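Data first, discussion second: the structure below is written as structure tokens.
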Amino acid sequence: MSAVLQAGHVAVITGAGSGFGLALAKQLATRGLKLVLWDVQANALAEAEQTLQAMGASTQAAVVDVSNPQAVAAAAQSALALWGAPHLVFNNAGVAAGGLLWETSASDWQWVLGVNLNGVIHGVQQFVPAMLQAARQDAKYRGHVVNTASMAGLLTPPNMGVYNVSKHAVVALSETLYQDLKLVTDQVSASVLCPYFVPTGISQSHRNRPNEAAAPTLSQRIGQEMSDKAVGSGKVSADDVAVQVVQAVDEGRFYIYSHPHALGNVEQRMQAMVAGENPPDPFARKPEIGEALRAALRAGA
């Protein structure tokens, strides 16, 4: 067992009210970790905390919008005051939006980048310094940060531009965090989670959008329909992914994939980049999806 995943250790989980966050919290509760739970949904968070306490977990819950640096700072200080530096930080909160790039509004960019990217940045800024201080003070201390990105952080599927950009940034941030930590310590490390289509409710994340969205364009409506179908039909559950994440942390693995078979598309993209070729057809393995998308968009043009 990893020196990080020990009973009595502390884990911070953002987006803990549902999906990956709640599944992770349940996994950690079975190992006896203390849980700091953040979510923007008050009702879902309260239900999650009740479930986890029924499992015997010690919890501290707070309604937090991770895109808000002041809110994150205040909640982090409360967590640090209660239990000290965490051993695990899961920067997991995320939202999704689609549509053609030129139809993506400034409000769309603000919302998606605010949660998906800035939320991770804020978590790193607030907790990593405390983890490094704990490492300096205790040679036995071990810490680990897991940032939730996506397979969309390794690919560039069309009609998903704002989401792709946010998740590519999280992959780059996480890889750099891993390297930065290696420069200064052997006691704190990092991983990045790149899930594919998993039924977590993320396709309905607009329900928590704080700023009013304009009426969706055709491409955004099509993107929403495709996302609902793909995510809803996923065969790998959030619980399955949570088990994989815990195992990866145990083993000290950086890259965590829910669907390793999807890496074939990543390999094609990387090979094209190295060869200086144009980006490959993202629908080469499922041309019917690309044909349907093109037909739907061109019919409404």
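Here, each number is a calculation from the coordinates, and none is a lab measurement. Since we're looking at a predicted model, the values are computed, not measured. Positions of Cβ are generated from backbone atoms using ideal geometry, with glycine treated the same way; all protein chains shown enter the neighbour counts.
Which numbered condition in (1) of a type in the set (A, V, I, L, M); (2) in a helix (DSSP H, G or I); (3) in contact with a strand residue (DSSP E or B) (Cβ under 9 Å, 6 or more places away or on another chain) is the only one that V146 fails?
Unmet condition: (2).
Which of (1) surrounded by 24 or more Cβ atoms within 10 Å (Cβ to Cβ); (2) in contact with a Ser or Thr (Cβ under 8 Å, 6 or more places away or on another chain); (3) not hydroxyl-bearing (S, T, Y) does I13 not meet, given it meets every other one?
The failed condition is (2).
Take I256 and tell me if it is in contact (Cβ under 8 Å) with a residue 60 or more places away in the chain, closer than 22 Å to A96 by Cβ, assigned to a helix (DSSP H, G or I) and among the β-branched types (V, I, T).
Taking the combined requirement at face value, the residue does not satisfy it.
Any chance you could count how many residues in segment 76-101 are within 16 Å of N164 (Cβ to Cβ) and either out of contact with any helix residue (DSSP H, G or I) (no Cβ under 9 Å at 6 or more places or on another chain) or not in a helix (DSSP H, G or I) (or both)?
Residues that pass the stated criteria total 7.
Only one of (1) more than 20 Å from the chain's Cα centre (by Cα); (2) crowded, with 20+ Cβ neighbours inside 10 Å is not met by N164, so which one is it?
Unmet condition: (1).
For residues that are of a type in the set (D, E) and outside any helix (DSSP H, G or I), tally how many sit in segment 259-285.
2
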